[in-house]
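S.K.: Sharing a structure here in C-alpha cells format.
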Amino acid sequence: MQTQTRVKLKVRPFTADDYSPVAGELRTGTTGVQREWRRRGIALALKVRSLEFAKKQGYLRVATENETNNHRMIAINDRLGFAKQPAYVHYLKTFET
Ligand SMILES: CC(C)(COP(=O)(O)OP(=O)(O)OC[C@H]1O[C@@H](n2cnc3c(N)ncnc32)[C@H](O)[C@@H]1OP(=O)(O)O)[C@@H](O)C(=O)NCCC(=O)NCCS
C-alpha cells in the first residue's frame, strides 16, 4: 500500500540582503500539516529539523512567531525551548464610509 505525506515547512534565512537587521539569526515560519496527518509529531519533527539545520549552518539563534491564540504552535515552540519575547499589539482603525 502506498501512503503519501504532504507537509510544508518554510525556512527563510536572514541575510544582510534580507529584511532582518539581526545577524546570525534564522527565521522559520508557516509550519503547516494537513489535517489528516496532524497530531503525529510531524510539525514537532519539522521544527526540530529546522533547529538542527540552523545549528549546522552556524546560526546563533532561531526566531519564529505565531498568533497568541494558536495554542498548538505555542505548545510546540514552548516544548522546543523558544523564549517568548515582548508582543506587539496590532491595531486597526476602520473609517466609516
Ligand atoms: C500547528 C500544526 C502545524 C501542528 O502540527 P502537528 O503535526 O499536528 O503537531 P504535532 O503532532 O507535532 O504536535 C506536537 C505538539 O503540539 C501540541 N499540539 C498539536 N496539536 C494540538 C492540538 N490539536 N491540541 C493541543 N495540543 C496540540 C501538543 O503539545 C503536541 O504534542 P503531543 O501530541 O505529544 O501532545 C497544525 O495544527 C497546523 O498545520 N495548523 C494550521 C497551520 C498553523 O496554524 N500553523 C502555525 C502557524 S505558523
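Please treat every number below as a calculation from the coordinates, not as lab data. From a predicted model like this one, the values you see are computed outputs, not experimental measurements. A quick note on method: Cβ atoms are made from the backbone with ideal geometry, for glycine too, and the neighbour counts reach across all protein chains shown.
S.K.: Give, in nm to one decimal, the length gained when the segment between T68 and R40 is fully stretched (0.36 nm per residue of separation minus the Cα-Cα distance). Walk me through the numbers on the way to the answer.
M.R.: Values: separation 28, 0.36 × 28 = 10.08 nm, distance 2.27 nm.
The span from T68 to R40 would gain 7.8 nm if fully extended.
S.K.: Let me ask something else. Pulled fully out, how much extra length does the chain show between A83 and A23, if you take 0.36 nm times their separation in residues and subtract their Cα-Cα distance? Intermediate values should be presented prior to the final figure.
M.R.: Numbers: separation 60, 0.36 × 60 = 21.60 nm, distance 1.84 nm.
19.8 nm is the gain from fully extending A83 to A23.
S.K.: With a cut-off of at most 10 other beta carbons within 10 Å, and DSSP calling the residue loop, which trypsin sites (Lys or Arg not before Pro) in the range 20-67 qualify? Please list them.
M.R.: Of the trypsin sites (Lys or Arg not before Pro), the ones in loops of the range 20-67 whose Cβ has at most 10 other Cβ atoms within 10 Å are R39.
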